[in-house]
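FYI, it's all coordinate maths here, none of it is from the lab. The structure presented is a predicted model; accordingly, all values stated were derived computationally and were not measured. Positions of Cβ are backbone-derived with ideal geometry, glycine not excepted, and every protein chain shown enters the neighbour counts.
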Amino acid sequence: MYGDVSPPLAHANRHNKIPSVKLLETVTGPSDTGLVATDGHDMGLMERAMSNRTGAILIAAALLCSSGPSQAQSQAQSSGNGVSNFLGNIFSGPKSGPAPQAAPGPDGGPPPWSGEDGASGHPLMTSSAIREAAANFQNCVASMWPDAARRNITQANFERFTAGLEPDLRIMDLMDSQPEFTKSIWDYLDILVNDNRLAKGREILAKYKPQFDAAEKAYSVDRYAIASIWGIESNYSTQMGDRNVVQSTATLACVGRRQAYFKDEFLTALEILNRGDLRPEQMRGSWAGAFGPTQFMPTAFKRYAVDGDGDGRRDVVDNAADLIASTANNLKKDGWQAGRSWGYEVVLPEGFNFMLADKAKAMTIAQWQSQGMKRADGKPFPDSAEKAYLLAPAGAQGPGFLMLQNFRVIMKYNPAEAYALAIGHFADRLRGGPAFVQPWPRQERVLSRAERLELQQLLVQRGFYKGTPDGQFGGQTREALRSFQASIGAPADGFASSDVLERLRGR
């Protein structure tokens with residue numbers, strides 16, 4: 001046994017089976033911690049999965065690219081599923097142009113590998129390096145047996161679970177794909193927080209009330225946050241990805257630029273099967289290896305999965321008690337504060353100094369109030385001693401948000417700020433709260449990748465940006481943009497609008 005095994009949460013209720021659903025294969029690319037998805041969780045929701053779990057959604061980070069920034073995790077968990085995956089595909093890693101539209105495979109399935117060099121320029125992502133690694137795939141997998149044995153995986157199970165494995169090279173395209181356009185944060189929120197998903201979330205909360213009750217009692221984590229993650233990661237188990245997790249992680253452990261990271265994920269996937277928590281057919285998920293309704297990477301499963309109903313297994317795929325308890329345990333161990341909000345929508349005063357809108361510049365609520373900050377709904381702040389940082393994802397034209405500790409916890413699940421904002425807002429809506437009060441600048445046009453690249457190049461020419469232009473917006477680009485805006489007397493909000501691009505062009 002390994003990982004956490006907690007006391008059963010719901011012995012009395014054994015009817016925890018989650019209805020089986022046809023998993024939907026979704027193609028996604030990594031999202032990043034910057035405004036535009038990058039190699040986030042240095043990979044993205046997507047590769048977030050990789051650094052935190054998977055998740056799905058790397059997306060969010062990319063969204064912020066057109067409006068702001070984020071993570072989706074330090075390595076962006078990659079969820080090849082659900083919205084996470086869908087959005088992850090929209091926002092992915094760098095590329096010199098739009099991702100090639102590969103034709104479907106001969107059987108109508110996913111398209112094959114393009115055969116092209118990866119856009120990252122990494123030496124292990126050249127077509128020749130990929131082919132060479134693929135030719136050595138069987139030897140690579142076999143070479144991991146000693147490591148598997150040290151993890152107490154039996155030789156019989158190692159051979160059983162790796163028999164017939166072939167590399168899925170299409171993953172190489174997904175790992176390095178870069179979309180031409182991203183979505184605005186308001187479009188992102190519209191997609192993830194909608195009436196249909198909210199209705200389904202309320203059904204889930206009612207159907208599994210005993211399991212949510214037990215998990216809330218054991219872990220002191222808000223049920224609405226758990227239900228929100230479930231809904232956004234997989235649309236309540238209807239979009240979890242349908243790639244073989246063992247095959248995906250084995251491919252990434254032997255081919256491409258993240259082999260060391262994925263070797264651990266691959267061996268951990270074998271541990272899960274060896275222990276008997278899940279069956280091979282249950283381990284279907286994203287191209288990066290995230291699986292289950294709340295998208296656990298194998299290593300995240302190992303750290304956080306618990307046996308919620310005392311049946312001896314930690315089934316986060318088909319058992320509601322285990323799924324809910326494990327997701328709660330994840331949030332709890334990441335620092336969730338019971339009875340606290342994730343943050344507050346706030347109205348920014350006229351002439352506000354947007355240089356304060358920085359994750360590193362947290363202040364107490366009382367200090368923010370001294371800056372003229374008020375809640376958008378007119379209610380008082382519950383605790384003026386709480387520390388928060390200001391997020392202004394749409395700059396001076398959109399709403400501001402004071403982010404608390406629980407927001408940072410959600411970002412550990414998926415490091416993209418847009419993702420975490422969606423989770424927090426969705427949870428509030430499930431609780432019966434209203435939509436955001438202030439409008440988004442929906443008239444703003446999202447910059448294309450070529451325009452983002454041009455904006456960075458112009459910032460370099462004017463001496464504001466010291467990095468290498470790549471079309472991806474992170475903290476360095478935002479700081480450079482703020483400095484330029486301040487130099488021309490505009491609100492230094494770091495928002496990459498079409499207007500600021502025109503100002504850089506000198507028009």
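Of Pro112, Ala214, Gln138, which is farthest towards the positive pole of segment 106-241's charge dipole, taken about the Cα centre with +1 and -1 on the beta-carbons of Lys, Arg and Asp, Glu respectively?
So the residue furthest toward the plus end is Ala214.
For a quick size check, give me the Cα extents of segment 257-368 along its three principal axes, largest first, whole Å.
The Cα atoms of segment 257-368 stretch 59, 39, 18 Å along their principal axes.
Using Cα pairs under 8 angstrom and six or more residues apart, how large is the relative contact order of segment 381-504, in percent?
21 percent
Could you work out Rg/(2.2 N^0.38 Å) for segment 145-247, with Rg from alpha carbons only?
1.56
Treat every Asp and Glu Cβ in segment 194-284 as -1 and every Lys and Arg Cβ as +1, leave all other atoms uncharged, and give the resulting dipole magnitude about the Cα centre to the nearest 20 debye.
100 debye
With no solvent and one point on each alpha carbon, what is the Debye value of log10 I(q)/I(0) for segment 191-326 at q = 0.15, 0.16, 0.20, 0.21 Å⁻¹?
After summing over all Cα pairs, the log10 values are -0.72, -0.81, -1.13, -1.20.
What distance in nm separates the simple spin-label points at Thr154 and Gln476, each placed 7 Å from Cα in the Cβ direction?
With each label point 7 Å from Cα toward Cβ, the separation is 5.2 nm.
Please provide three numbers in whole Å: the alpha-carbon extents of segment 336-421 along the principal axes, with the largest listed first.
Sorted from largest, the Cα extents of segment 336-421 read 35, 25, 23 Å.
Take Leu124 and Ala260, extend 7 Å from each Cα along the Cα→Cβ direction, and tell me the distance between the two endpoints in nm.
Those two pseudo-labels are separated by 0.9 nm.
With r as the distance between the Cβ atoms of Asp242 and Glu203 and R0 = 30 Å, compute the FRET efficiency 1/(1 + (r/R0)^6) and round to 0.05.
For Glu203 and Asp242, the calculated efficiency is 0.80.
Take the alpha carbon atoms of segment 388-507, find their radius of gyration, then divide it by 2.2 N^0.38 Å using N residues; give the quotient.
Cα Rg divided by the expected 2.2 N^0.38 Å: 1.18.
With the crude spin-label approximation of a point 7 Å out along Cα→Cβ, what separation in nm comes out for Arg431 versus Glu180?
4.2 nm
Which whole-angstrom value gives the distance between the alpha carbon centres of segment 312-387 and segment 421-446?
14 Å
From the C-alpha coordinates alone, can you work out the Kirkwood hydrodynamic radius of segment 194-239, in Å?
Kirkwood hydrodynamic radius for segment 194-239: 10.7 Å.
Taking the convex hull of the alpha carbon atoms in segment 222-287, what volume per residue do you get, in Å³?
113 Å³
Can you tell me the convex hull volume per residue for segment 385-458, based on C-alpha atoms, in Å³ to the nearest whole number?
With only Cα atoms used, segment 385-458 gives 148 Å³ per residue.
May I ask you to order 237-248, 440-451, 209-220 by the average number of other C-beta atoms within 10 Å around their residues, highest value first?
237-248, 209-220, 440-451
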